[in-house]
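The values are calculated or read from the model by the stated rules, or taken from the named source; none is laboratory data. Predicted model, so just to flag it, every value in this text is computed and none were measured. Counting neighbours? That spans all protein chains shown, and the Cβs are built from the backbone with ideal geometry, glycine included. Ligands, DNA and RNA are excluded from the accessible area calculation, which covers all protein heavy atoms including side chains. Shrake-Rupley method; radii C 1.70, N 1.55, O 1.52, S 1.80 Å.
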Amino acid sequence: MSRSPSVPERPHREIDPDLSDDERLEALRGHFEDLTDVRDQLSEQLDAADERRERLREKVNTVERENETLKSSSLYISTVEDVLEDDEVVVKQHGNNQEVLTDVSPRIAESVESGDRVAVNDSFSIQTVLDTETDARAQAMEIAEKPDVSYDEIGGIDEQVTEVREAVEQPLDDPELFEDVGIEPPSGVLLHGPPGTGKTMLAKAVATETNATFIKMAGSELVRKFIGEGSRLVRDLFEMAREREPAIIFIDEIDAIAAKRTESKTSGDAEVQRTMMQLLSEMDGFEARGEIRIIAATNRFDMLDRAILRPGRFDRLIEVPEPNQDGREQILEIHTREMAIADEIDFADLAAETEGYSGAEIESLATEAGMFAVRDDRTEVNHEDFTNAIEKIENDDSSDVISSAGYFYQ
Ligand SMILES: Nc1ncnc2c1ncn2[C@@H]1O[C@H](COP(=O)(O)OP(=O)(O)OP(=O)(O)O)[C@@H](O)[C@H]1O
């Protein structure tokens, strides 16, 4: 940056009072000339400053325009395939799968790794590395390499466990058996039933048992949070499963993307429709004996578009009902396994008191009973803590533990 020019010194001239008139006039003239000089210098400096200000203003305008263009121009999402030497990388564009060799700016070169999702501009230069926050794929899916749910943690739905094991686990574990018999295993399994009855648990338990990666995507989030990205995310979902075989794809709340067509033809509906079409086409092109199994869940079975239930799609329907007396008893026992509970606790009695409770609600009940003991400074939970907890839950209007209001299952 150039230094600002120094301000000229103010001229000063003493005039001797003893001088003659002519001499004084001469001295004053000299002083006047000095002043004029200073004025000229100042005015030159002023012009130079004006010129500099003008140049800076132009610079600011250009930067502002560049900034605007950067902000408004769309960036494309790509995946880094390979990081080479000299800050070069190979990226693959989503959508058209085009592979491009491009440079990474030294500013972010350190943080780019193979497998990263990045945003590139028109000339494929990487602008940013998408972190997990901005990475829709990571946000939309829950991935567990090793889910940790075993069948003995699921109570009251033994029949459903057996059915799911036959339809999902066996084709993964023993595909030859199906080949020998000459049948195709079911393509997709649809679990339907009220909320909190163990559908997600069941899917996770199969993944645990078969050492498969568990990849979950929630239909409602696809529709609410990832507007416009639904079909791409469905494609990504299957791609991710193929990358991580064996894998269990679990689509929760499938009704959000596979509901019967409504009268209204809003653009939102069209988008949901596209997402469903993508799901159907992924399933249709699927090798049923492969290492990927698909489980979907819904508590709005009545709303489903029948197209997804056709053979080759979700062709095995398994109802997961609310637990009965025995089921509730088993679930209570499961959720109190790790608790210090008194011998006197009568599970059959508590099961009778909790008619209409789902598995998730029974789990909350156990926690609430434990809270009563904590409040009382006791380490052992007794029968009364449970009955108090039931009373509290049922009286507590604000509690959504017993959430029959939001319950649409038919
Ligand atoms: N049958 C069950 N046995 C033991 N625990 C259960 C059972 N059902 C539900 N739970 C408990 O409730 C929690 C929630 O259950 P889960 O998420 O599997 O229900 P869901 O049927 O998938 O519900 P939603 O339809 O709301 O997604 C589980 O983590 C588990 O602790």
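Here are the numbers:
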quantity	calculated
Test: residue in the range 116-139 that is under 30 Å from Arg328 (Cβ atoms), modelled with pLDDT of 80 or more and among the charged types (D, E, K, R)	no
Filtered residue count, the range 180-236, keeping only those that are within 16 Å of the ligand (Cβ to nearest atom), crowded, with 18+ Cβ neighbours inside 10 Å and among the small types (Gly, Ala, Ser)	8
Residue among Asp343, Asp376, Asp284 that alone is open to solvent by 60 Å² or more (accessible area, probe 1.4 Å), under 29 Å from the mean Cα position of the chain (by Cα) and more than 15 Å from the ligand (Cβ to nearest atom)	Asp284
Filter result (under 37 Å from the mean Cα position of the chain (by Cα), over 20 Å from Met201 (Cβ atoms) and surrounded by fewer than 18 Cβ atoms within 10 Å (Cβ to Cβ)) within the range 346-373	Glu355, Met371
